[in-house]
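Q: There's a structure below that I have some questions on.
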Amino acid sequence: MVVLSVGNYQWLKRNLPNALWKRIYMCIYGWEYHEGMRPFEDFCRQEANDGDKIIKSFILTGLGNIELWTADPEISSEILRRPDEFKQQPVTQKILSAFGDNVFTTAGQTWSRHRKIVASVINERISKSVWDESVRQTLGMLDEIFSPSPSAPNTKATTTTTTNTKISAATTNQVPEMLKKCTVNVLSGAGMGTRKPWHDDTDEVVPTGYKQTYIECVKTVLSAMQGTILLPPWFLRIYPSFLPGYTTLKALYHAELEFPKHTQAMLDAERARLEETPGDVKHNILSQLITASSKEKKDAALSDAEMRGNLFVFTAAGFETTANTLTYAFAMLARYPEWQDWLYEEIDALLPPEESSVNGEVTHDDDNDEQQISDYTTVFPHAHRIMAFLLETLRLFPPLIHINKATAKDVTLHTSSGTYWLPADISIYIHVVGLHRDASIWRNLNLQQSESASETDEDTFRPTRWLNPEGSAHVLFQPSSKGVLHYLPWSAGPRVCPGQKMAQVEFTAIFLTLLRHHRIRAAGVSKEEIDKVLDEQIKDSMSVVTLQMNGVYDVDASDVTKGLRLEVARRR
């Protein structure tokens, strides 16, 4: 029932009697995105002299394991700061260690060894590589969007009526799919050192002895993460060809076998290259990881299996989360055009166009624009509004709508509201959606002069909440108060995601490159219907591995009724 209900959440909510729905929705995976704080309001309301108080934690019991659900910032902070007492749940552990132990799955001294090496790898050289590759891939994506050739059938382009032969606008429902391609190519280049130009088809050649290319393996494994756990290799191998899903499951079978082989081949090739040219360390994660590990003593270095495991989780974490976040961000650009204008003010100040005169007409130097964007050290630290846009997107659409843990032993938590005792081996779910919409923190935060206070502000997309008043110690709001955490898109504490900076750099580079000369609009709907259509499309989301919109990936480019249909128009 629970498994079958995930994809039918909205249908069940509309059709089941309210009394029944109220009792079962908390047993459906991913309820947090749709219901928010409803169970806390329904079942955890406590009367007080100064009004009702909502208790932000509850215990859920049933046929399975005992579960603690909490949206309490203090309890959540304590859990994340004590990883030895609050371990990964077995299913999460198995998924993340599918291709080897890594910084996300190990504990104790083994984790410290992984963390030391991984932390040294994720440095400014990697950030520069991520930035450059993101700019390069976004330019390729724009070229495809505006290409009128039959080789790029994903768009409908419209030419200008002026003497300028450049296409002024293009409509497509393929942007989410293109963003997936962009992020996987960035990971391939900045992560594995395998740079893939946007229009290059050479990677389509499958190496001898393989069924899939490296990129195909990555996409297949990451699109079916649960399958790697729920379906054993022997089942995938013998699955009958006459049954539904044969092609997908057979592809998953080969991907599971070949992904570690591809990764090991890359490790061997890079290790051989470093032996031939000592000191020539490339600015990608693969090369940096081999070099960093080789500097450690033998018992502290990472084994090849551990390197493969870490490369896998970097790929998994950087692909799904970034692609889905970008898709939500593009939807926000179309839904709220006023925030695009707000971003343009910063972008045009950071990258003023180089103008020249040709035959009396003012033109822009596109080549110089690309050089300007490529200056990571100058541009990225000052892109505060783009960063605020990212942070606000992640606040309302966190990749992980909950963080799951399990008690490793009997644990006692001390907070300002009291002392809590938790027995060993209970499941814990930190309600990230609830934390991110906590009215006591987010409501009317950092209101600008032109903005009015609202009783529903915490549910509103408003990036300006992240910009502190002038003269503050930090330009951007730091969502913590006296060590209490309220914002967890990358988790927090000792196990905070080491790829946080990479994600911020990639998002900023893609947004800056795209919005440098372009505007995003909703397409295929009237101006009066835009808000309703986009709100419904965004609401139709579910948590698979991470939160994602339904019906926007793998859609037919020729079917104008499907997917997230956007117009990309030149603005100057």
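The values are calculated or read from the model by the stated rules, or taken from the named source; none is laboratory data. Given the structure is predicted, the values throughout are model-derived calculations rather than measurements. Glycine gets a Cβ as well: all are built from the backbone with ideal geometry, and neighbour counts include every protein chain shown. Just the protein is used for accessible areas: all its heavy atoms, side chains included, with ligands, DNA and RNA removed. Shrake-Rupley method; radii C 1.70, N 1.55, O 1.52, S 1.80 Å.
Q: Whose amide H sits under 5 Å from the amide H of Ala522, counting only residues 5 or more places off or on another chain, with H placed in the peptide plane?
A: Long-range HN contacts for Ala522: Glu567.
Q: For the cross-link pairs Lys261/Lys297; Lys13/Lys562; Lys180/Lys282; Lys219/Lys532; Lys181/Lys501; Lys181/Lys562, which exceed 30 Å when the distance is taken from alpha carbon to alpha carbon?
A: Numbers: Lys261/Lys297 26 Å; Lys13/Lys562 23 Å; Lys180/Lys282 25 Å; Lys219/Lys532 32 Å; Lys181/Lys501 20 Å; Lys181/Lys562 19 Å.
Violating the 30 Å Cα-Cα cut-off are Lys219/Lys532.
Q: Counting just the Cα atoms, what span does region 429-490 cover along each of its three principal axes? Round to the nearest Å and put the largest first.
A: 38, 27, 18
Q: Would you compute the Debye intensity of region 32-140 from its alpha-carbon atoms alone, equal scatterers and no solvent, and pass along log10 I(q)/I(0) at q = 0.15 Å⁻¹ to two decimals?
A: The computed values of log10 I(q)/I(0) come out as -0.94.
Q: To the nearest 20 debye, what charge dipole does the chain have about its Cα centre, counting +1 at the Cβ of each Lys and Arg and -1 at the Cβ of each Asp and Glu?
A: With only Lys, Arg, Asp and Glu charged at Cβ, the dipole is about 1420 debye.
Q: Moving on. Computed over the Cα atoms of region 453-572, what is the ratio Rg over Rh, Rh following Kirkwood?
A: 1.00
Q: Once you wrap a convex hull around the alpha carbon atoms of region 217-341, what is its projected area averaged over all directions, in nm²?
A: For region 217-341, averaging the hull's shadow over all directions gives 12.3 nm².
Q: Tell me, what HN-Hα J-couplings in whole Hz come from the Karplus equation 6.51 cos²θ - 1.76 cosθ + 1.60 at θ = phi - 60° for each residue of region 403-408, using x for Gly and Pro?
A: Ordered by residue, 3J(HN,Hα) equals 10, 9, 9, 9, 6, 7 Hz.
Q: Keeping all protein chains in position, work out how much accessible area Asp341 exposes to a 1.4 Å probe, and write it in Å² to the nearest 10.
A: For Asp341, solvent-accessible area is about 70 Å².
Q: Ok, one more. What whole-number value in Å² describes the accessible area per residue of the chain for a 1.4 Å probe?
A: Numbers: 26890 Å² over 572 residues.
Accessible area per residue, the chain: 47 Å².
Q: What does the charge count around Leu547 come to, taking other residues whose C-beta lies under 11 Å from its C-beta (Lys +1, Arg +1, Asp -1, Glu -1)?
A: Result for the neighbourhood of Leu547: -2.
Q: On the accessible surface of the chain, probed at 1.4 Å, how many percent belong to carbon and sulfur atoms?
A: Carbon and sulfur atoms account for 53 percent of the accessible area of the chain.
Q: Taking the Cα-to-Cβ direction at Ala557 and at Thr247 and moving 7 Å from each Cα, how far apart do the two end points lie in nm?
A: 1.7
Q: Under the rule of at least 5 residues apart or a separate chain, name every residue whose amide H is placed under 5 Å from the amide H of Lys196.
A: Here the answer is Gly189, since their amide H atoms fall under 5 Å of that of Lys196.
Q: OK, next. Whole number please: convex hull volume per residue, Cα atoms of the chain, in Å³.
A: Enclosed volume per residue, from the Cα hull, is 202 Å³.
Q: Moving to a separate point now. Out of region 377-484, which GluC sites (Glu not before Pro) are coil in DSSP terms and have no more than 11 other C-beta atoms within 10 Å?
A: Counting only loop positions with at most 11 other Cβ atoms within 10 Å, the GluC sites (Glu not before Pro) in region 377-484 are Glu455, Glu470.
Q: Show me, for region 80-97, the HN-Hα J-couplings you get by feeding each phi into the Karplus relation (A = 6.51, B = -1.76, C = 1.60, θ = phi - 60°), rounded to Hz, glycine and proline as x.
A: 6, 7, 10, x, 6, 9, 10, 8, 5, 5, x, 5, 4, 4, 5, 4, 6, 9
Q: Between Val91, Ile126, Thr105, whose Cα lies farthest towards the positive end of the dipole of region 17-129 when Lys and Arg beta carbons carry +1 and Asp and Glu beta carbons carry -1, centred on the Cα centre?
A: With unit charges placed on the Cβ atoms, the residue in question is Ile126.
Q: For a quick check of your reading of the filter: which chymotrypsin sites (Phe, Trp or Tyr not before Pro) in region 210-289 sit in a DSSP loop and have no more than 15 other Cβ atoms within 10 Å?
A: Details: sites: Tyr210, Tyr214, Trp234, Phe235, Phe242, Tyr246, Tyr253; in loops: Tyr210, Phe242.
Answer in residue order: Phe242.
Q: What is the extension gain from Lys94 to Trp234, computed as 0.36 nm multiplied by their sequence separation minus the C-alpha to C-alpha distance, in nm to one decimal?
A: Fully extending the segment from Lys94 to Trp234 adds 48.6 nm.
Q: Ala300 to Lys527: FRET efficiency via 1/(1 + (r/R0)^6), r the Cβ-Cβ distance, R0 51 Å, to the nearest 0.05?
A: Details: r = 61 Å, r/R0 = 1.20.
The computed FRET efficiency comes out at 0.25.
Q: I'd like the Karplus ³J(HN,Hα) series for region 432-449: coefficients 6.51, -1.76, 1.60, θ = phi - 60°, whole numbers in Hz, and an x wherever there's a Gly or Pro.
A: 5, 4, x, 4, 6, 10, 5, 4, 5, 9, 9, 5, 6, 6, 6, 4, 7, 4
Q: Evaluate region 278-337: find the radius of gyration of its Cα atoms, find its Kirkwood radius, and give the ratio Rg to Rh. Can you show the working numbers first?
A: Working: Rg = 17.6 Å, Rh = 14.1 Å.
Rounded to two decimals, Rg/Rh equals 1.25.
Q: How many percent of Cα pairs in region 386-532 exceed 18 Å?
A: The proportion of pairs with Cα distances above 18 Å equals 69 percent.
Q: Hey, got the Cα dimensions of region 485-542 along the principal axes, in Å, largest first?
A: Extents along the principal axes, in whole Å: 48, 30, 17.
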